[in-house]
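Reading through the structure tokens given below for one structure.
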Amino acid sequence: MSVPHPQPTTPARTPGASLLPELEPLLEQVSKPVQYVGGELNSQVKDWDCGGEHTARWALMYPDAYEVGLPNQGVMILYEVLNEQPDVLAERTYSVWPDMEAAMREQGVPQFTVDGHRAVGDFDVLGLSFSTELGYTNMLTALDLAGIPLHAADRGEQHPLVLAGGHASFNAEPVADFIDAAIVGDGEEAVLHASRIINAWKAAGRPDGREGLLLELARTGGVYVPAFYDVSYLPDGRIQRVAPNRHGVPWRVSKHTVMDLDAWPYPKKPLVPVTESVHERMSVEIFRGCTRGCRFCQAGMITRPVRERSITGVGEMVEQGLKATGLDEVGLLSLSSADHSEIADLTKGLADRYEGTNTGLSLPSTRVDAFNIDLANELTRNGRRSGLTFAPEGGSERLRKVINKMVTEEDLIRTVAAAYAAGWRQVKLYFMCGLPTETDEDVLAIADLAKKVIDTGREVSGRRDIRCTVSIGGFVPKPHTPFQWAAQLGAEETDARLAKLREAVRSDRRYGSAIGFRYHDGQPGIVEGLLSRGDRRLGAVIEQAWRDGGRFDGWNEHFSYDRWMSAAERALADQPVDVAWYTTRERGEHEVLPWDHIDSGLDKEWLWEDWLDALEEREVEDCRWTPCFDCGVCPQMNTEIQIGPTGKKLLPLSVVR
Ligand code: SF4
């Protein structure tokens, strides 16, 4: 289906004026209108000229529906950090559902912010946070609705800078045509630095226009401007070279790293959604980075080194955040929360403090081996017992060595035994399918493990109503990881392997409904893989998929594999590359990868050695507890691991009733 795209007509308006009079009549016609009205607790609408004529104005977008975008911590943090500045203003915008998109096109209403209902096209910057590549088509919808030309090359001085951030910006090449720039790494300090540059550029009378501003940003060394780099290709389709084409633009763009998390206690006043959202809790990030070294995990690799928030800092954020939001659940966030060096004191201190109140604590991501029953008991002292999730990721011991998960079957069984014995009835186990070197046997081992988990649960609890849900995702190789060279498993092979596993789980009647089985089919993973490790040639594919109707690709009900494959076939017809070339092809050691000029701090040689170690089933320890093993990040980024114990106590121990 091809979607017509009438351009929203923008009647003459004062920049920054509210679009509410035009929006209101549309709200009656669309589903869930409340998501477009804003006014959340702790949201703000600053005066358009709050900092005078040099005000730097940001429209921040999480390119997904409101219910997914609002709880996003990254956007919440930047929104607050920017709005604290007197001469900076930030508002939020989210993807509108197709019914709203149609109504807006019909009535000529442009993409708007939910805070001041201002036109996104009026801002200086449209800052997009991409945590997944499947949001790229939603970016194009927003640009088009905002009246911003899709291609950066077609934009003029009157258009906002389109600035990408988030994990996907560690390889922004597939969206190089559409974005003006990308900030790589932690955003807090980086957006303030960019705002200062914008303020000064405006105050100086906008020297050299848009190009002048982009050059200023690029010369900081931490902002990637794709137009300032030329890419050449070899006849077989591989990249030959990526080189800067402007004076003073660095060969490699460095990621930003915030080193003192306690100095950035954001969000101080988290936003509270006006309608249901994916998380109805307040989150406090207890540390950033991870050095466990799971080889599939891009988040762990690109956020090194580990930087812990102090126990006092966490306590103050929890106290302040609960007061500011009225919420009664606190998530202690990080990539592996139980790894905080003072997690036991932290959870005990918080549980003491909120004893007898309705406040629940949760650790949304918990490693199998770091879990202990004291911790679980502390978390549920206030009576809440949500399910426990563990992520062994690989079904067999061999495969867990390949991915460096360092979890033995014994660890897992001991952990779930403790959980079932302490009264939990339900455990969720997360695995991946399609990992490098994986065979059918590795995947079938998941069924054996799940059965052992149920047997253990029944034995230690003496009950039959024990449940274990096995949830399986398809593995997608990601840039800046040791698996960046790996071949992705094809969609059909993934589906066939999962079908065998399902059969192995279902065929054993002794377990009946005790083992639940959830999985996704392999097709969305191939599109994600295409966009994750793609290069600039994929811009044409993304645009074609969007023109063919691609919207909300992260949602099953909107995703169409056929649409993407057909778009790729047409858009890459004149190229020596295709979808399989980008996804199921293994790369060689010396191939120039599309993201090599983005410096995550990781040494490429170290990544290659780690890839070879994976193939040899050799494990690497966590550098938090062992000597440095030279991944390169600390010397390259002038950073270091920061962990406790700090010896600081949580807060003066007053119990809240
Ligand atoms: S450089 Fe060393 S200490 Fe720093 S993250 Fe890498 S392995 Fe760990």
When the helices in the chain are scored as -39500 (n - 2.57) per DSSP H run of 4 or longer and the sum is shared across all residues, what 222 nm value do you end up with, to the nearest 500 deg cm²/dmol?
-10000 deg cm²/dmol
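Multiply the residue gap between residue 377 and residue 414 by 0.36 nm, knock off their C-alpha separation, and tell me the result in nm, one decimal place.
Values: separation 37, 0.36 × 37 = 13.32 nm, distance 1.59 nm.
Once the chain is fully extended between residue 377 and residue 414, it gains 11.7 nm.
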What residues qualify as long-range amide H neighbours of residue 233, i.e. H under 5 Å apart, gap of 5 or more or another chain, H built at 1.01 Å from N?
240
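Taking R0 as 22 Å, what FRET efficiency do you get between residue 200 and residue 44 from their Cβ-Cβ distance, rounded to the nearest 0.05?
Values: r = 24 Å, r/R0 = 1.10.
Computed FRET efficiency for residue 200 and residue 44 comes out at 0.35.
Quick one: compute the contact order of region 25-254, relative version, from alpha carbon pairs under 8 angstrom and 6+ residues apart, as a percent. List each step's numbers first, then the result.
Values: 382 pairs, mean separation 38.1, N = 230.
Relative contact order comes out at 17 percent.
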May I ask you to order 236-245, 609-618 by the average number of other C-beta atoms within 10 Å around their residues, highest value first?
609-618, 236-245
Between residue 629 and residue 425, with labels modelled 7 Å along Cα→Cβ, what's the label distance in nm to one decimal, could you check?
4.2 nm
Give me the percent relative contact order of region 56-119, please, defined on Cα pairs under 8 angstrom at least 6 residues apart.
36 percent
In whole angstrom, note down how far apart the Cα centers of region 406-463 and region 545-620 are.
31 Å
Per-pair calculated FRET efficiency, R0 = 25 Å: residue 591 and residue 439 via Cβ, rounded to 0.05
0.45
Using Cα-Cα distances under 8 Å and only pairs 6 or more residues apart, what relative contact order does the chain have, in percent?
15 percent
Given a Förster distance of 56 Å, the FRET efficiency implied by the Cβ-Cβ spacing of residue 220 and residue 521, rounded to the nearest 0.05, works out to 0.85
Of 32/268; 401/451; 46/269, pairs whose Cα-Cα distance is over 18 Å:
32/268; 401/451
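Quick check on packing: order 94-104, 197-207 by the mean number of other C-beta atoms within 10 Å, highest mean leading. Before the final figure, lay out each step's value.
Numbers: 94-104: 20.2, 197-207: 15.2.
Output ranking for 94-104, 197-207: 94-104, 197-207.
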Label model pair residue 53, residue 499: point-to-point distance (7 angstrom along the Cα→beta-carbon line) in nm is 6.9 nm
So who's got an amide H within less than 5 Å of the one on residue 162, skipping anything under 5 residues away but keeping other chains? H placed 1.01 Å off N, in plane.
126, 180, 181
Between the Cα axis of helix 343-353 and the main Cα principal axis of the chain, the angle (0 to 90°, nearest 10) is 80 degrees
Phi-based couplings in Hz for region 483-499 (Karplus 6.51, -1.76, 1.60; Gly and Pro marked x):
8, 5, 8, 6, 7, 7, 6, x, 4, 5, 5, 4, 4, 5, 5, 5, 5
Virtual spin-label span in nm between residue 32 and residue 649, 7 Å along Cα→Cβ:
4.5 nm
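Taking every DSSP beta bridge that has both residues in the chain, what percent is antiparallel when rounded to the nearest 5?
Around 20 percent antiparallel, to the nearest 5.
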Note the full-extension length gain between residue 471 and residue 619 as 0.36 nm times their separation in residues minus their Cα-Cα distance, in nm to one decimal.
50.8 nm
Enter the Cα centre distance for the pair region 74-112 and region 470-531, rounded to the nearest angstrom.
35 Å
Under 5 Å, built H, 5+ apart or other chain: amide partners of residue 428
388, 389, 390, 469
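Ranked highest first by the average count of other Cβ atoms within 10 Å around their residues, in what order do 466-477, 283-294, 348-359 fall?
On the way: 466-477: 21.6, 283-294: 23.6, 348-359: 17.0.
Going from most to least packed, we get 283-294, 466-477, 348-359.
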In sequence order, what are the phi-derived ³J(HN,Hα) couplings for region 246-257 according to the Karplus relation 6.51 cos²θ - 1.76 cosθ + 1.60 with θ = phi - 60°, rounded to whole Hz, with x for glycine and proline?
10, 5, x, 8, x, 5, 10, 9, 8, 6, 8, 10
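Read-outs throughout are calculated quantities, based only on the coordinates presented, and are distinct from any laboratory measurement. In this text, all values refer to a predicted model and were calculated from it rather than measured experimentally. All Cβ positions, even for glycine, are placed from backbone atoms using ideal geometry, and neighbour counts span all protein chains on display.
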